[in-house]
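First up is the structure itself, then whatever we jot down about it.
The values are calculated or read from the model by the stated rules, or taken from the named source; none is laboratory data. Computed from a predicted model, the values in this text were never measured in an experiment. Using ideal geometry, Cβ is built from the backbone for each residue, glycine included, and neighbour counts are taken over all protein chains shown. Note: areas computed on protein heavy atoms with side chains; ligands, DNA, RNA excluded. Shrake-Rupley method; radii C 1.70, N 1.55, O 1.52, S 1.80 Å.
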Amino acid sequence: MKPFIQFDDVSKHFGDFAAVDRVSLDIEEGEFFSILGGSGCGKTTLLRILAGFEELSSGRMLIDGEDMSGIPAHRRPVNMMFQSYALFPHMNVAKNIAYGLKQDGLEPADIDARVTRILDLVQMSEFAQRKPRQLSGGQQQRVALARALVKQPKVLLLDEPLAALDKKLRQNTQFELANIQQKTGITFVLVTHDQEEAMMLSSRIAVMNRGQFSQVGTPSEIYENPQNRFTADFIGSINLFEGNVAALAETMMTVSVPAIDECLTAPAIPDVNIGDPVCLAIRPEKIWISRQAPDTEGNTILTGEVVDQGYFGNLSVYRVRLPSGDMVQVSTQNRVRSTERAIQREDEVFIHWECTSAVVLKE
Amino acid sequence: MNKTPGYKGLLAVNLSARAVNRGLLWSPYLWLLLFFLAPFAIVIKISLSEIVLASPPYQPMFNWAEDATQWFNGTLENYLFVLRDRLYLYTFWNSIQTAAISTVLVLLLGYPMAYAIARAPADKQGLLLMLVIIPFWTSFLLRIYALTGLLNTHGVINNALLGLQLIDQPLQLMYTDFAIYIGIVYSYLPFMILPLYATLERLDLSLVDAASDLGAGPLRSFVDITLPLSLPGIIAGCMLVFIPAMGEFVIPSLLGGAESPMIGRVLYDEFFLNRDWPVSSAIAVVLLALLLLPIALLRHYQAKEAEQ
């Protein structure tokens, strides 16, 4: 199947600065694709390239097989939901939503019918006559979504659509957004700095850093098998041990970590040689922590002292200082309401993990 | 035990602070009373009196003398005279027309300039605004005199056109309506550009992006989004041009012809040449009444805007 959206070696320069630096990417039809990155990583520029607000410095961008170069924003089969919502302040909700349909020269009766239907979909029917400033943030967000969706675009672009909402509302809206995407089948491209949002909504995520993709994959691929330090560090929390490849076997490899004077085992990765500098990464929730020495075979056991302890209700997070001074973050789920004395600051603890939970990173 | 140092003293300080505050609050009203309302009351009083050959050249309104037949002298005669005389009416009408046409011309010229400044790179905007304001550093009167040097029969424009052999006789540019329009447009352009720039610069560009994203071409999005959202600036600019242009005296007297008199000039002639203070006061009051109309409309529009 031909990809629906194709970035082919795309760059965008502002003066000397490369906001987007030779990026290639295929997005399939009907995907919920997210571009995730910190501020200034080029994710919004990429979205504005899709919408037609920025011209390419080099490369090609195709939507549905059609080269978009030279096609201005108002003739592209995409619609965008703006971070600020960009609702027209001098028009009421119904007129805001009808605006795009009017530009297409639809019959007034047809416009009315479609506006009514979309207002129903986003549950804003009773606010049709209100001006944007009379609406709450969440309501404005729905109107902005309706206005972009009503034109039935081939692609819907969402620029940090939920950033302005409070946490509870954001979570509800995320479910709704996923729901609407499934109902309409429109290809969604979302730009966000919120990794949870990207993980929850997306079929695939591109993690972006300094104008380039550091990794593209499904949420679980990106979380469980990060390919480089940036992705590993950006998504969730992770403990990194710097070292060198000490031994290579068929399925497993050993990394010597001088700082803690230990050799740690992890699944083997291709294209490394003995002695290469690598980094062993392990997520906090994959580490066991206990006050008694654990009964485990083959796994390295480290000891340390708890220096910080955070209680989040559903989970507890510990920072453990190893004898070398390195810090390791460990999190445990509070699965049972514990009556036993919990691990506290200044406790001497043992930590260990399954070898297969660790990931070795080259870059 | 320490006694709290006199709460009466504190109270006094507090009271005087409040008095100062209140005084400050009232100071604009005081200003208005002293320098607008009181002179205006005097103008109204003169406009209601009869002309006499004396100094000052009008009859006192109140006569407290023992032998006076009546103690109050007031008449609407001056107003009736002004409103019945076709010359005055024509002058009023001509002033409104000239001010209105000039305002439209200034708007048509100023809007693109304000738009261009508002969309220029942020570091260039200050310089461009400066360029708009710099002519103010020279006296208004001097700048209007300088225009005569351009517009004269042997002025720069005619000489250039003659030199290029585009015309074989000098054009009559001075003492025409055209010269008045040139003068007003030139002098009042900054008053249009500054408020327009202020609204256009604040305009959220993502709204224009949104319109274009929804399928509106550049012209459509200008008409649907930019223009209505810059309306407050357009109205403010038009007020700032129309109101002073209506009563303009220097430009029509230096550049204009006799066949299209403007009210400012007639006022001057009545006052200084005819020494008819009562009639010229009546003209001033009528002019003010005419100008209150657009201001009232503006207030009405703003109130409606605030309601929404």
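Among the residues here, B:Ile263 does not qualify as within 14 Å of chain A (Cβ to nearest Cβ), crowded, with 17+ Cβ neighbours inside 10 Å and touching a residue at least 12 places away in the same chain (Cβ under 8 Å). What is the residue count in the stretch B:118-132 for residues that are of a type in the set (A, V, I, L, M) and outside any helix (DSSP H, G or I)? Of the residues in the stretch B:118-132, 1 are of a type in the set (A, V, I, L, M) and outside any helix (DSSP H, G or I).
Open to solvent by 60 Å² or more (accessible area, probe 1.4 Å) and of a type in the set (Phe, Trp, Tyr) - does that describe any residue in the stretch A:185-195? Looking through the stretch A:185-195, none of the residues is open to solvent by 60 Å² or more (accessible area, probe 1.4 Å) and of a type in the set (Phe, Trp, Tyr).
Taking the stretch B:66-117 as the range and being open to solvent by 70 Å² or more (accessible area, probe 1.4 Å), among the hydroxyl-bearing types (Ser, Thr, Tyr) and in a loop (DSSP other than H, G, I, E, B) as the test, only B:Thr69 passes. For B:Ser230, indicate whether it is in contact (Cβ under 8 Å) with a residue 12 or more places away in the chain, within 14 Å of chain A (Cβ to nearest Cβ), at negative phi and surrounded by 22 or more Cβ atoms within 10 Å (Cβ to Cβ). When the stated conditions are applied, B:Ser230 passes them.
Does A:Gln195 fit the bill of being closer than 24 Å to A:Pro3 by Cβ and either in contact with a His (Cβ under 7 Å, 6 or more places away or on another chain) or in contact (Cβ under 8 Å) with a residue 12 or more places away in the chain (or both)? Against the criterion (closer than 24 Å to A:Pro3 by Cβ and either in contact with a His (Cβ under 7 Å, 6 or more places away or on another chain) or in contact (Cβ under 8 Å) with a residue 12 or more places away in the chain (or both)), A:Gln195 does not qualify. For the stretch A:165-178, check the following and say yes or no: at least one residue is under 27 Å from A:Ala18 (Cα atoms) and out of contact with any Gly (no Cβ under 8 Å at 6 or more places or on another chain). Looking for residues that are under 27 Å from A:Ala18 (Cα atoms) and out of contact with any Gly (no Cβ under 8 Å at 6 or more places or on another chain), one finds none in the stretch A:165-178, hence no.
Selection of the stretch B:196-227 for residues being in contact (Cβ under 8 Å) with a residue 24 or more places away in the chain and either within 11 Å of chain A (Cβ to nearest Cβ) or not small (Gly, Ala, Ser) (or both) yields B:Leu196, B:Tyr197, B:Thr199, B:Leu200, B:Glu201, B:Leu203, B:Thr226. Among the helices (runs of 4 or more DSSP H) confined to the stretch B:222-274, the ones with at least 2 residues that are touching a Ser or Thr at 6+ places or on another chain (Cβ under 6 Å) are located at B:231-246, B:263-268. Taking the stretch B:120-166 as the range and being touching a residue at least 24 places away in the same chain (Cβ under 8 Å) and among the basic types (Lys, Arg) as the test, only B:Arg143 passes. If the condition is being part of a helix (DSSP H, G or I), more than 9 Å from chain B (Cβ to nearest Cβ) and of a type outside the set (A, V, I, L, M), then the stretch A:62-95 contributes only A:Lys95.
So which residues in the stretch A:319-341 are outside any loop (DSSP other than H, G, I, E, B) and either in contact with a Leu (Cβ under 9 Å, 6 or more places away or on another chain) or over 13 Å from A:Lys286 (Cα atoms) (or both), if there are any at all? Scanning the stretch A:319-341 gives A:Arg319, A:Val320, A:Arg321, A:Met327, A:Val328, A:Ser331, A:Thr332, A:Gln333. Residues that are closer than 16 Å to A:Lys286 by Cα and open to solvent by 50 Å² or more (accessible area, probe 1.4 Å) within the stretch A:224-236 comprise A:Glu224, A:Asn225, A:Asp233, listed in sequence order. Being among the hydrophobic types (A, V, I, L, M, F, W, C), surrounded by fewer than 18 Cβ atoms within 10 Å (Cβ to Cβ) and in the same structural domain as A:Gln123 (by TED's automatic domain parsing) holds for only one residue in A:Leu87, A:Leu62, and it is A:Leu62.
Residue check: A:Lys102 meets all listed conditions (1) within 11 Å of chain B (Cβ to nearest Cβ); (2) open to solvent by less than 80 Å² (accessible area, probe 1.4 Å) but one, namely (2). The combined condition, being outside any helix (DSSP H, G or I) and open to solvent by 60 Å² or more (accessible area, probe 1.4 Å), is fulfilled by A:Ala164. Taking the stretch A:33-61 as the range and being away from chain B (no Cβ under 14 Å) and among the aromatic types (Phe, Trp, Tyr) as the test, only A:Phe33 passes. Among the residues of the stretch A:133-143 satisfying the criterion of being over 14 Å from A:Ala98 (Cβ atoms) and touching a residue at least 12 places away in the same chain (Cβ under 8 Å), which is farthest from the other protein chains (Cβ to nearest Cβ)? Result: A:Gly138.
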